[in-house]
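Since the structure comes first, as structure tokens, the remarks are kept for the end.
Since every read-out is calculated from the coordinates, none of them should be taken as a lab result. Please read these numbers as outputs of a predicted model, since none were measured by experiment. So basically every Cβ, Gly included, is an ideal-geometry build from the backbone, and we count neighbours across all protein chains shown.
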Amino acid sequence: MTLVSKQAGRHSLPSLAGLELLASAVVLLDADGQIVYANAAAENLLESSLKALSRQTLSAQFLNPGELDNICSQAREHKFSDLRQDLMLERAGRDALHVHSIVSVLDEPAGHILIELREHLQHLKLDREERILDQSQVNKELIRNLAHEIKNPLGGIRGAAQLLEMELPALHAGQLREYTQVIIKEADRLQTLVDRLLAPHRRPHIVGDVNIHEVLERVRSLMLAEFPSGLTILRDYDASIPEFRGDKEQLIQTVLNIAHNAAQALASRIDNGDAEIVFKTRVARQVTLAKVRYGLALDLHIIDNGPGIAPQIRDRIFYPLVSGREGGSGLGLTLAQTFVQQHMGVIECESRPGYTDFRILLPLP
């Protein structure tokens, strides 16, 4: 393989322009093992820009670079034209990368090595997202049909209880009215639940220009007004994120539902004064959302230091009426997922004791 290049940087490597379109990470090392090129997927994988990576060694990105260094040394000694090997690359303070590596030595420039890294979990993640999307569509149809079936007889039950109350004999009206009031109040409660189930399908999707940080600041104000002490909401924003087309009110409701759930899970830490929620925004590159590939996507994280989500419901938290706390309706996350999907995005969750991260990915222009 031959590459004609004199300087590092995307614009000075026209022969590598096609690598920007790849979903797998590609890194070019010079004869000294320093990074002179990384495509967008590599920037995303290594969580750093080409500018920051340039002239660093790839080995410096990991805690256990031995195997990777050994492969590169063999490549420079021309022991193979290309080598494929599975690696687990450990990183400080982050999850280890389980990758399939393809290392190729270049004829020109001499001593340069091209490394391709493919995450093993990537295809599993895509399959999982497709299953979640399909399951969500089925759930929405089931909920909508069930809610309509409940709504009609519910009105009849309430009306019959009101008529019965009017016909009660005066002698026992006070005592018997307690029973009719129970029927009416429970019918009203179920009506409210049905209305919430149908809410996402009733409200029109109003699209306009959205600044995600305005959305987050609005939610932050609402949360701090409700929890004025004991809760800290930290900002970790990427100011370069552009505006995009979306429904601002739906996105506010989405973030608010997640943040409110987090605050309720943080109740004991709020009492202790050390509860923390973090709003973090980044740009992700070359992302597949709802089976469509996007060059850029908003990568929004809502992180809390609460007790984590119970393992027995962790895989079902976006299902309707599934709640991790007593008295919860189990609709907040269902609505959040519906609103995110209406924006062609995905929402996922990672949780363990002391750390819960809801991640929202939305396509950017």
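A few remarks follow.
- Whole-Hz ³J(HN,Hα) from phi, Karplus 6.51 cos²θ - 1.76 cosθ + 1.60, for the range 337-347, glycine and proline x: 5, 4, 5, 5, 5, 5, 9, 6, x, 9, 10
- Across the range 208-363, C-alpha contacts under 8 Å between residues 6 or more apart give a mean separation that, scaled by the residue count, equals a relative contact order of 23 percent.
- Dipole of the range 208-363 [Lys/Arg +1, Asp/Glu -1 at C-beta], most positive-end residue of Ile258, Gly345, Gln286: Gln286
- HN-Hα J in Hz across the range 218-234 - Karplus 6.51, -1.76, 1.60, θ = phi - 60°, x for Gly and Pro: 5, 5, 4, 4, 5, 5, 6, 5, 7, 10, x, 9, x, 10, 10, 10, 8
- Cβ charges +1 (Lys, Arg) and -1 (Asp, Glu), total dipole of the range 14-121, debye: 120
- Dipole magnitude of the range 208-363, debye to nearest 20 (Cβ charges: Lys/Arg +1, Asp/Glu -1, about Cα centre): 440
- Charge sum, other residues only, whose C-beta stays under 13 Å from Ile184's C-beta, Lys/Arg counted +1 and Asp/Glu -1: 0
- Taking the number of Cβ atoms within 10 Å of each Cβ as an exposure proxy, the fewest-first ranking of Ile212, Ile113, Ile206 is Ile206, Ile113, Ile212.
- The label-point distance for Glu149 and Asp236, in a model that sets each label 7 Å from Cα toward Cβ, rounds to 4.5 nm.
- Site pair Cys349 and Ser54 shows an inter-label distance of 4.2 nm when each label is modelled 7 Å from Cα along Cα→Cβ.
- Sorted ascending by nearby beta carbons within 10 Å, beginning with the fewest, His112, His78 become His78, His112.
- Aspartates and glutamates with Cα under 20 Å of Lys185, excluding same-chain neighbours fewer than 8 positions away: Glu149, Glu165, Glu167, Asp195
- Summarising the amide proton neighbourhood of Thr57: residues at separation of 5 or more, or on other chains, whose placed amide H is nearer than 5 Å comprise Ile35.
- Vicinal HN-Hα couplings computed from phi for the range 279-288 (Karplus, 6.51 cos²θ - 1.76 cosθ + 1.60; Hz; Gly/Pro x): 9, 10, 10, 9, 9, 9, 10, 6, 10, 9
- Taking other C-beta atoms within 10 angstrom as a stand-in for reagent exposure, Met344, Met223, Met166 fall in the order Met166, Met344, Met223, fewest first.
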